[in-house]
Amino acid sequence: MAAEATPFVKVGGLGDVAGALPQTLRFLSSDSNFLKLTKEEDNQIEIDIRLAIPFHRSIRDDDYEINYLTKFEIPSSMGSLMVEVFETSYNGLQVYLISGQPILDSEQVYSQNPSDDGFKYTFFSLASLELVKKINWVPDVLHANDWHTSPAVYAMNFDRQRGGFFRGTVSLLGIHNLPYLGVGAGSALSVFGLPSATGSDLPVWAQDIPLPLGLLSADHIVAVSPTYAREILTPEFGAGLDNFLRGRRDSISGILNGIDIEQWNPETDHLIPSNYHQKSIRKKQINKTSLLKDYGFSLDDKKPLLAMVTRLDYQKGVDLALDALLNLLDQNWNTIILGTGDPALEQRTLELEKEFPGRFSSVIGFNNPLGHQIYAGADMLLIPSRYEPCGLTQMIAMRYGTVPIGHATGGLRDTILDYEKDAGGTGFLFQSANSQALKNAIKRAIHTYQDQRRWKGLQRRGMSQNFSWSASAQKYLALYRQLVFEN
């Protein structure tokens, strides 16, 4: 269950996970070398995985073959609410699209009104649970994601306590960004008969907030990287729940997200000027030259092209990057930034472009083709996130032979090997989230860039990393198996 899933609807990284993970799990079931469902070695695991998402307005009927499945009502203090369920499939994956007035009334996947979103997603969560009862399909595992589907985990727990339909189902809750707790959405829970968790181990302030209630009820919690799974146990990253989460330490894992290696493949990418692979990495220069020409840079090969493809906000450390670059004007480099977000940061990047023409270039907005071209043409990618639960941009960059420079946090720490500390280094890490530390890391990278033999080795090692969903899905399936056996 998820609020979004590619290819139907995508706002952020959750959409990538909820779209790619079920698909990959389906493929694993036909892998004769993979896990066994039981302890007998001759029984191969079989997977029947289904995806439930809201039928958002942005999902176009004419893009998919969508069929009406069923309708039913769920109770609320406002009276019974009608649910309509539609189904479709994508590459063989069965997908349920949940509709009803709370979803139809919403123009966007995520609104600016937490009360409205709370009502919509609690409705979606409970409707999804009711759907599997309606079709009499008893899941072994419910895998919910973030606060939007946490009410399903919380509600299912009451059903299990009564020995109901879900008495044999285990629950898993994925954390993609802990600070997004669903604050303000809790009032919707009472509308649907879900009480506050008074007297529980949660802090008093969190006892009617969706994500904390999901974290309280889930049999297991998965953060989207091993380092982030440790970080959320600390006051700095725990969003006020660190003490509670430390009490659940034994039920928390970290599994890295993967990337779509077909979509992000420099050998076949039709959005870039020249395709290439590890052994023909010299052709990457064609992509760089094209980017330099298009955005008004000089064609000096000795100048590395630094880039950012990111949401422009505080979490992503964009301000740190701009400050660091302003303190590196004595170095040879060019920078291109693609993204949208905080209006103040958007304005600052545009002002730098005007102040330093030929060194800074800024493109405000979402531009998928340009994103591909930047990954293919840049030499280095700056990722100075103050915290980063997983991050996909560093994996994509390495796949394209673009060397990441990242803050040693969350998934960045787990995926980037520092060049000066590891013989198999793939990038550059800095330890403290400040502009001086980032500046020093950029200087190290620029110095290494001057030795193209060493630089090519860095690029090739990055390109050889396996960030496919297959490796991550195997870990998820092993965890599902463990939970089913334990319970």
Query raised in the report: When residues of the stretch 254-280 are filtered for being in contact with a helix residue (DSSP H, G or I) (Cβ under 6 Å, 6 or more places away or on another chain) and not in a loop (DSSP other than H, G, I, E, B), how many remain?
Result: 3
Query raised in the report: What do you reckon, is ALA441 modelled with pLDDT of 95 or more, small (Gly, Ala, Ser), over 22 Å from TYR314 (Cα atoms) and more than 17 Å from the chain's Cα centre (by Cα)?
Result: no
Query raised in the report: How many residues are touching a Ser or Thr at 6+ places or on another chain (Cβ under 8 Å), over 22 Å from ILE396 (Cα atoms) and surrounded by fewer than 17 Cβ atoms within 10 Å (Cβ to Cβ) when one looks only at the stretch 451-487?
Result: 0
Query raised in the report: Pick from ASP201, ASP140, ASP116: which is assigned by TED's automatic domain parsing to the domain that holds LEU25, acidic (Asp, Glu) and either closer than 24 Å to GLU84 by Cβ or crowded, with 22+ Cβ neighbours inside 10 Å (or both)?
Result: ASP116
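Out of SER80, SER58, SER106, which single residue is touching a His at 6+ places or on another chain (Cβ under 8 Å) and small (Gly, Ala, Ser)?
On the way: SER80 fails: touching a His at 6+ places or on another chain (Cβ under 8 Å); SER58 fails: touching a His at 6+ places or on another chain (Cβ under 8 Å).
Exactly one of SER80, SER58, SER106 is touching a His at 6+ places or on another chain (Cβ under 8 Å) and small (Gly, Ala, Ser), namely SER106.
Does ALA307 qualify as being in a helix (DSSP H, G or I) and either assigned by TED's automatic domain parsing to the domain that holds GLY365 or touching a Leu at 6+ places or on another chain (Cβ under 8 Å) (or both)?
Working: in a helix (DSSP H, G or I): no; either assigned by TED's automatic domain parsing to the domain that holds GLY365 or touching a Leu at 6+ places or on another chain (Cβ under 8 Å) (or both): yes.
Taking the combined requirement at face value, the residue does not satisfy it.
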Report summary line: Exception for HIS277 within (1) without any contact (Cβ under 8 Å) to a residue 40 or more places away in the chain; (2) in contact with an Asp or Glu (Cβ under 6 Å, 6 or more places away or on another chain); (3) surrounded by fewer than 16 Cβ atoms within 10 Å (Cβ to Cβ) falls at (1)
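Has the stretch 343-356 got any residue that is small (Gly, Ala, Ser) and on the phi > 0 side of the Ramachandran plot?
First, the residues of the stretch 343-356 that are small (Gly, Ala, Ser): 344.
Subsequent filtering for residues that are on the phi > 0 side of the Ramachandran plot retains none.
No, the stretch 343-356 contains no residue that is small (Gly, Ala, Ser) and on the phi > 0 side of the Ramachandran plot.
Criterion first (at pLDDT 85 or above and out of contact with any helix residue (DSSP H, G or I) (no Cβ under 8 Å at 6 or more places or on another chain)) does THR88 satisfy it?
Details: at pLDDT 85 or above: yes; out of contact with any helix residue (DSSP H, G or I) (no Cβ under 8 Å at 6 or more places or on another chain): yes.
It is true that THR88 is at pLDDT 85 or above and out of contact with any helix residue (DSSP H, G or I) (no Cβ under 8 Å at 6 or more places or on another chain).
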Query raised in the report: Applying the selection to the stretch 368-411, what residues are more than 13 Å from ALA307 (Cα to Cα), in contact with a Leu (Cβ under 6 Å, 6 or more places away or on another chain), surrounded by fewer than 24 Cβ atoms within 10 Å (Cβ to Cβ) and in contact (Cβ under 8 Å) with a residue 24 or more places away in the chain?
Result: PRO369
Query raised in the report: What is the number of the single condition among (1) surrounded by fewer than 17 Cβ atoms within 10 Å (Cβ to Cβ); (2) in contact with a strand residue (DSSP E or B) (Cβ under 9 Å, 6 or more places away or on another chain); (3) not charged (D, E, K, R) that PHE192 does not meet?
Result: (1)
Query raised in the report: Across the stretch 44-103, which residue is farthest from ALA144 (Cα to Cα) among those that are hydroxyl-bearing (Ser, Thr, Tyr) and part of a strand (DSSP E or B)?
Result: TYR68
Query raised in the report: Can you tell me how many residues in the stretch 210-244 are in a helix (DSSP H, G or I), under 19 Å from the mean Cα position of the chain (by Cα) and touching a residue at least 40 places away in the same chain (Cβ under 8 Å)?
Result: 7
Query raised in the report: What is the residue count in the stretch 324-370 for residues that are more than 25 Å from ILE396 (Cβ to Cβ) and assigned to a strand (DSSP E or B)?
Result: 1
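Scan the stretch 288-301 and give yes if some residue there is of a type in the set (Asp, Glu), surrounded by fewer than 15 Cβ atoms within 10 Å (Cβ to Cβ) and not in a helix (DSSP H, G or I), otherwise no.
From the stretch 288-301, those of a type in the set (Asp, Glu) are 294, 300-301; that's our starting set.
Restricting the remaining residues to those that are surrounded by fewer than 15 Cβ atoms within 10 Å (Cβ to Cβ) gives 294, 300-301.
Next cut, not in a helix (DSSP H, G or I) only: 300-301.
The answer is yes; a qualifying residue exists.
The values are calculated or read from the model by the stated rules, or taken from the named source; none is laboratory data. Since the model is a prediction, treat every value here as computed from it, not as a measurement. Cβ coordinates were reconstructed from backbone atoms using ideal geometry, including for glycine residues, and neighbour counts include every protein chain displayed.
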